[in-house]
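Notes for the one structure printed next.
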Amino acid sequence: MASLDRNRLRRLLERCQKGDVSLDEGVESLMKLTGEELGFAHIDHQREARQGFPEVVYAAGKTAAQVAAILSRLAADSQGSVMATRVSPEQAAVVQAALPEAVYDEVSRIAYLRRPIAPVDEARRILVLTAGTSDIPVAAEAALTAELMGNAVDTRYDVGVAGIHRLFAHAEEIRRANVLIVAAGMEGALASVVGGLTAKPVIAVPTSVGYGASFHGLSALLAMLNSCAAGVAVMNIDNGFGAGVLASRINHMR
């Protein structure tokens, strides 16, 4: 019981005490406070209480019906925004049929319900940069994830080292940002350059963009891991979601 959300538990007990909820309904609700078994998934309803954001659905490999069912249960039980990543258009159609208020962003491949529960601190901004236009889907996943988690997010795309003057045009924004996310494929050099321009944390995301010797993002991953710029953390290949979550947690620290 120590892991339960005390406020939610208190509200449930008060409703039982007042007679608004029957004993059997109260027992059923109490059983769902820690998790809910759907047969094909076990939903962690305490994720929001522990980490500040509900469990996020990874849609790849799931059927459209499974994604819709999990997201529906999360939406019914959560106070804040809920989301699913790597959602196909076919899955999105089923989700939106079950949840008409759901929004699907085709670029980031995220389906979500936006429910702001706290004001956004506009002074502490996350800046998302890409080396090229082909890196935008991964960057958009990071940007929308961070935005749904309650952050002010700016994006600047196609500012890679092949035309480095494009990056320098945003030098003031880079210095002002509280956390930066850099998505780059090919040789992944942009993360090192940005790391040398700011004193704030830089989260590098290698993308699977590039010709044969890029090895589907492995070259960019190794280059970012070997960055000579201090303060650069590296995510897995194409993991825009992970970058958005980490940037959000850093940005909310006080």
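Odds and ends about this structure:
- Structure remark: mean-square fluctuation, Gaussian network model of the chain, C-alpha springs under 10 Å; the largest value among Ser72, Ser22, Ser81 belongs to Ser22.
- Packing-based exposure ordering (other Cβ within 10 Å, fewest first) of His45, His165: His165, His45
- Using alpha-carbon coordinates, inclination of helix 89-98 to the longest axis of the chain, degrees: 30 degrees
- Among Phe215, Phe40, a tally of other beta-carbon atoms within 10 Å of each Cβ gives an order, fewest to most, of Phe40, Phe215.
- Contour minus Cα-Cα distance for Ala230 and Arg50 (0.36 nm per residue): 61.7 nm
- Selected from Val103, Asn151, Ile181, residue furthest toward positive end of dipole (segment 103-222; charges at beta carbon): Asn151
- Rounded to 10°, Cα long-axis angle of helix 240-252 versus longest principal axis of the chain: 80 degrees
- For segment 34-160, the dipole from Cβ point charges (+1 on Lys and Arg, -1 on Asp and Glu) about the Cα centre works out to 100 debye, to the nearest 20.
- 0 to 90° range, to nearest 10: angle between helix 64-77 axis and the chain longest Cα axis: 70 degrees
- Every helix of 4 or more DSSP H residues in the chain counts as -39500 (n - 2.57), and over all residues that averages to -12000 deg cm²/dmol at 222 nm.
- GNM flexibility winner over the chain from Val21, Val161, Val232 (Cα, springs under 10 Å): Val21
- Matching label, Rg/Rh (Cα atoms, Kirkwood Rh) computed from the structure shown, candidates [x] 1.01; [y] 0.96; [z] 1.05: [z]
- Antiparallel bridge percentage (DSSP; both residues within segment 42-177; nearest 5): 45 percent
- The distance between label points at Leu197 and Ala169 comes to 1.2 nm (points 7 Å beyond Cα on the Cα→Cβ vector).
Read-outs: derived from the displayed coordinates by stated rules, not from any lab. None of these values were measured; they are calculated from a predicted model. All Cβ positions, glycine included, derive from the backbone under ideal geometry; neighbour counts span all protein chains shown.
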